[in-house]
1. Considering the options Gly81, Tyr5, Leu58, tell which one lies farthest towards the positive end of the dipole of the chain, charges being +1 on Lys and Arg and -1 on Asp and Glu at the Cβ, about the Cα centre.
2. Quick one: helix 37-48 against the long Cα principal axis of the chain, what's the angle to the nearest 10°, folded into 0 to 90?
3. Would you mind working out the magnitude of the charge dipole of region 25-91 relative to its Cα centre, with +1 at each Lys and Arg C-beta and -1 at each Asp and Glu C-beta, to the nearest 20 Debye?
4. Checking a compactness column here: for region 1-147, what do you get for Rg(Cα) / (2.2 N^0.38 Å), N being the number of residues?
5. Averaged per residue, what accessible surface does the chain expose to a 1.4 Å probe, in Å²?
6. Work out the length of the dipole vector of the chain about its Cα centre, built from +1 on the beta-carbon of each Lys and Arg and -1 on the beta-carbon of each Asp and Glu, and round it to the nearest 20 debye.
7. PRE reach from Ile149 (point 7 Å along Cα→Cβ): which of region 32-72 fall under 18 Å by backbone N?
8. What's the FRET efficiency of Gln70 with Tyr22 using the Cβ-Cβ distance as r and R₀ = 41 Å, to the nearest 0.05?
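The values are calculated or read from the model by the stated rules, or taken from the named source; none is laboratory data. Everything quoted here is computed from the prediction, not taken from an experiment. Virtual Cβ from ideal backbone geometry, glycine too; neighbours counted across all protein chains shown. Just the protein is used for accessible areas: all its heavy atoms, side chains included, with ligands, DNA and RNA removed. Shrake-Rupley method; radii C 1.70, N 1.55, O 1.52, S 1.80 Å.
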Amino acid sequence: MSEKYEFKLKPLPYSFSDLEPYIDSLTMKLHHDRHLKTYIDNLNSVISKHVEYKKWSLEKLIKDSNWLPQDVRSSIKNNAGGVYNHNFYFSNMAPGIKKSSDDEFIEKINHFFGNFDDFKSKFKTKALDVFGSGYAWLVANKDKELKIIQTINQNTPLELDLIPILCIDVWEHAYYLKNYNKRAEYIDNWFNVINWAKLRENYENIDKDEK
Ligand code: MN3
């Protein structure tokens, strides 16, 4: 990832309709072209007035936000978080990628959560329990131990020194058009469009990131 100013809205690696019938095209289009774009535009607009941060990567703007001047700190942190979280969310979905049970990464999930169904039910509960707007995440620590956490608003696991593996956006804009207020229905649908190949890659990359 590691992008810097000027941040760009990149096209999704699949089309807006590819996640149908689980996630509808209009939701995908508005989520990407309007919600994510707004975070990118806002972030670019603040950074353009603070040239000293033009060289900071997206991750650094989030992790080192305490060093930012107070008047722009929350604006930069929230918008950078919005860009990071949405990029992560969109890249962890794909149409028709099935998990294979002999996958080493799935074995890790089974190891840390008992079995796959337990993982699924724990993840769903965590996502349902996010009060208001936020995300549920599967994350790893530096020892590659997996756990499930929540973040509110546009906070990220980076600030907690955790490595993100998977996230679900449970802001209402992620599901309201199709599922109205039924977040549980959205979560069940979303489980069908997880890009397991990407998750495995995220997990395997932990060692590389360390170096
Ligand atoms: Mn969103």
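1. The residue sitting farthest along the positive end of the dipole is Tyr5.
2. With both axes taken from Cα atoms, the answer is about 30 degrees.
3. On the way: 10 positive and 6 negative charges, 10 e Å.
With Lys and Arg at +1 and Asp and Glu at -1, about 40 debye.
4. Working: Rg = 17.8 Å, N = 147, 2.2 N^0.38 = 14.7 Å.
Rg over 2.2 N^0.38 Å, computed on Cα atoms: 1.21.
5. Working: 10680 Å² over 211 residues.
The answer is 51 Å² per residue.
6. Details: 30 positive and 31 negative charges, 99 e Å.
Using only the charged Cβ atoms, the result is roughly 480 debye.
7. 59-66
8. Values: r = 42 Å, r/R0 = 1.03.
FRET efficiency, Gln70 to Tyr22: 0.45.
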